[in-house]
Every structure is written in structure tokens, then in C-alpha cells.
Amino acid sequence: MLIKRQSGNIILPSEITPREFVEARRHFIKQIAVGAAGSAGLIEMANRAAFAQDSGARKLPATANSNYVLMENKTSYKDATTYNNYYEFGTSKSDPAQTAGGLKTRPWTVSIEGEVNRPMKLDLDALMKIAPMEERIYRLRCVEGWSMVIPWTGYALSNLIKKVEPNSNAKYVEFTTLADKSQMPGLAYDVLNWPYMEGLRIDEAMHPLAFLTFGMYGQVLPNQNGAPLRIALPWKYGFKSAKAIVRIRFTSTQPKTAWNQAAPREYGFYSNVNPDVDHPRWSQATERRIGEDGFFAKKRKTLMFNGYNEVAGLYSGMDLRKYF
Amino acid sequence: MTLNPKQQSHLKAVLFILALLPFLRLVFAIFTDGLGANPLEFITRNTGDWTLYFLCITLAVTPLRRLLNLPWLLKMRRMLGLFGFFYAALHFLTFLWFDHFFDVAEMLRDVVKRPFILVGFIAFVLLLPLALTSTNKMIRRVGAKRWQLLHRLVYLIAALGVLHYFWMKAGKHDFAQPILVGSIVAILLLLRVVWSVQRRISEQRLSANAS
């Protein structure tokens, strides 16, 4: 049999790190941290990584959804929880892991309102019971040109949307995220208009890929990754996936979104992953997979819709250069 | 404070080691997995930061020398400037290596397409003649007057460097650091303007008195 490797994006089964190795590595990091606990500050990095894991160590059981499994290495838990863009906790990618620890994620209520027949306020437990928890492994492509592969736990956002029965005026869904100065040190700087807002067209929000997320790596979401609930939209740049959601509003007009307001030329409302439409200041044609693409690797090619071509129908007939 | 030549060369040696520390730290971190989740981004940003810091330090030599009356400070300037070039070269190399994997044609396409990169690239290219004419031999060959004129390019280079940084941070909407570096460069350049105006005024007075 001829095994032909077509591009950097296809990973041979032989290249995948076996699960036992990954787990052994995590265990090892934990061990180091335990050892370093006595000599505080000495191995601060390892300590912090283990802290991040332990603080969210509550397991979140879920059934793996076999439709969303990737033949790609998962990003290490450490990288996924210490390299975050979450400006409410600081603009440096190492900030959220250090400053989000104290965020109170219970009690938590999400208000669902606007153009719906059944507006409701739901607490976290009620939200988590709306549909069975499943695990999906999604690619995550950041607009900055790096990517990860993350196992999320949650359910399709459409389950929640159906429950509140949007009326015929509901054309868009707007997500408002928490903005609490006492818990989020980044809010002291007006780098963005707080609260951070995001939005989707309703057919995008109803797409089976749109995922309401409560956990990752089999555990409850760590605070720095958007606890207690966020969305995951694997075909869009990462910033579209709002974290720490407090309100979901159905509207007839296109919602104002944080990055689009900050720099409309650079960040469109749609922000679908698209290798052919460059960011004004850098190319989107390639990306660097965190933890894998090292010093001696060329960056890998970015795929249209991040490889999720099943969403293409949502945008048929649209000029994606204009609606970037 | 005056330093004898021996003390000056000791100070220079100390400064040399200090100036090398950021580089040694990077090398150490590479081998101890200390660069975080995206090591290539870390290296690119770190070398860029240190280029700007050394441009500021180099530009501060003349004002400090005048304000504190320390003529011997001038003897440290060349080395500090060359360290600026060293970090700039590392920064450029990371761009060529990590972003374009030594594909020079692709790199040049990227440079002309993106103003933020173009500005940084021009600044780096302008640094080259300054580094090349930094030896005593080259100063003699070029001639002191012309050499000084040539090396005033550093004012433009510093301004371009700040602009490059500003543009890069615009993506993060986070201007605190570019404003800080920009203000330092602005003050250092403004001092020169003030002194040059003062000199001209006193020269005019002198010539008026003479006639």
C-alpha cells in the first residue's frame, strides 16, 4: 500500500502520541509540583500548571461523540490552560492562568432573552441538564496564527436554542460575557469595550458544530478557559467563541461584537477561518500548532473553515472577502 | 564622577556581560523548556523588545553624558549600539526562520504587503550601514563628518522601530508599552533638538558680537 502524505495537516496514526504517554506526562508534571510545594517558587511554572489542573479537577463525565474525533494530537493540557487570550484577565497569554483562579463560577445564572417565546433565566445546573454531555475534539484556530486541538465537553448549542423557541424576528444571537471589575483585573484597562460581546447569525448558532461548552479534557472548564460555560465554534477564529457567558439575547439586527468594534478593518462579524483572506497585518495562510510545530518545522497550511467544510452551506452565495 | 581608563574598561566589560544576559537567558530557556506554549513567538517578541531597549539605551548616552557631565560615557556607546544591532539581527532572523522558513522570496512578498513588517524591515536595513561603519578604520575611511551624518540615521531607525512596535500592538489594542518606549525615544530626540537650537542661537550671538 502506498502511503502518501499530502500535506502537513494529515497526521499518520504512527505519529500520534499514545494516550498513556500523554497521561504519564501530566502525572509527571503533577509529581514535580507536589515535590516543589515545599520549596515554594522554585519550580513555579510546573506548580502553576498543576494548580490550574487541580483547581478544575472536578470530573465532567461525557460520552465521546465519534463524529468529532480527529486524527491529530491533542494539545497538552498544560499548553491549553496556560496560553490563553482572555483580556478580562490581562492581555498577556500567561495572565489568565495566573489571575483567573479566584473567579466565582457558582452560583451562575444565564439570562436568555430577546426575540424568543420562552425567555428564561437558567442556573448552571439547569443548563447542564438540557442535553446529555458529549465530548468532541475540535481544532481551535486563533486569528493570531496559532492553533490547538482540544477535547471539549458540552452539547450542541441548538439544544438550548430550541428550548427557548426563537420567534420569527430572531435573526441573530448575541452573547454577553461577564464583566466584573472585582474579579477581572483586565477590566481596569479599556483595551476593548467591556463587557466582551460576541454574536452569530441564528443559522450559524443552530449548526450542529456550534457547541455549548462546560468542560475540557474530561473536566470542568478551568476559569482561564471560559468557565463556567462558553461556546466553541471550530470553523471561526477563536475570539468568536465567547467565554463566561451571562446573557444570550436573540435579536433582529446584527449584534455589535467586541473585536469588530475595536478594529472593523481587521475583525469582521463572521471571522470564519479563511486562508485566502489575510489579516491586514499578517497572512492567514499558515498556522503554527502549539506544542508541535517547533524550530525545524515549516508552519502548516490553514484549511478553509479550519477544515470544517460542513459549514460551507451557511455561506453559499456570500462573498467571503467582503464578509470576512 | 570620573573613571580612569582602567576603570572604564572594567565598566565596559561589565556592560558587555549585562548586555549579553537577555540572549543567554533565551538560550537557557530554549534548553529548559522555559519559553511557554509558543516558544517561537516568545523569541520573536523578546528579541524585538531588546532591540528597542538597546536603541533607547544607545540614544541615552549623549544626553546622560551632557547632563551628568560624564565624557567617558561616549566610549560605551559603540558597544551598546552594536548590541542593538545584534538583537535586531536575531529578531530579523527569527522572522525569516520561524515565519518564512528561509523562503526569502515569500518573506519579501510578506514585507511589501504589510506596512507593519515593512517599517520594521526598513529599520533593520538602515541599521546595516551603521553596523558596518562602526570600526575605527571605517570611521577614518568615511571621514568623521560624513560618518556622523550617516549615523544620525539612528534617529530615523528608532522612530521606525517604535512605529513597528505600535502597529504590532495595535492588534492587541494594548498601547501601554509602545507609548512608554515611544515617549522615551521622543524625549531623547527632543533633547537633541533643544540643544541644537540653543547652539545655533549662541553661535548667532557670537557671530553678531564678532561683527
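If you wrap the protein assembly as shown's Cα atoms in a convex hull and average its projection over all directions, what's the area in nm²? Let's see the in-between values first.
Numbers: hull surface 135.0 nm².
With every direction weighted equally, the projected area is 33.8 nm².
Between B:K113, B:K12, B:K137, the GNM of chain B built on Cα springs shorter than 10 angstrom shows B:K137 fluctuating the most. The B:L149 and B:I179 beta-carbon pair, evaluated with R₀ = 35 Å, returns a calculated FRET efficiency of approximately 0.70.
Averaging over all projection directions, the Cα-based convex hull of segment B:136-211 occupies 7.5 nm² in the image plane.
Entry note, segment B:5-210: relative contact order of 20 percent, from Cα contacts under 8 Å with a spacing of 6+ residues. For segment B:5-210, the calculated P(r) over all alpha carbon pairs, in 10 Å bins from 0 to the bin holding the longest distance, is 7, 28, 35, 20, 7, 2, 0 percent. Is the C-alpha gyration tensor of segment A:61-315 telling us rounded, prolate or oblate? Criteria: a/c under 1.5 is rounded; beyond that, a/b larger than b/c is prolate, otherwise oblate. Verdict is rounded for segment A:61-315. Helical content alone sets the calculated 222 nm signal of the protein assembly as shown at -14500 deg cm²/dmol, taking -39,500 (n - 2.57) per DSSP H segment of four or more residues and averaging over every residue. Here the gap between B:L11 and B:L74, fully extended at 0.36 nm per residue and compared with their Cα-Cα distance, gives a gain of 21.4 nm. Using only Cα coordinates, the Kirkwood hydrodynamic radius of segment B:1-114 works out to 16.0 Å.
State log₁₀ I(q)/I(0) for segment A:201-300 at q = 0.11, 0.20, 0.23 Å⁻¹ as given by the Debye formula over alpha-carbon point scatterers of equal weight, solvent excluded. Treating every Cα as an identical point scatterer, log10 I(q)/I(0) equals -0.43, -1.24, -1.35. At 0.692 mPa s and 37 °C, plugging the Kirkwood radius over alpha-carbon pairs of segment A:148-206 into Stokes-Einstein gives what diffusion coefficient in µm²/s? Reported coefficient: 232 µm²/s.
Once you have the Cα-Cα distance between B:A105 and B:I122, take 0.36 nm times their residue separation minus that, and quote the gain in nm to one decimal.
Going from the current span to full extension adds 4.5 nm.
The slack in the chain from A:K181 to A:A64, taken as 0.36 nm per residue of separation less the alpha-carbon distance, amounts to 38.4 nm.
Rule-based calculations on the coordinates, nothing more; no lab input. Just so you know, these numbers come straight off a predicted model, no measurement behind them. Using ideal geometry, Cβ is built from the backbone for each residue, glycine included, and neighbour counts are taken over all protein chains shown.
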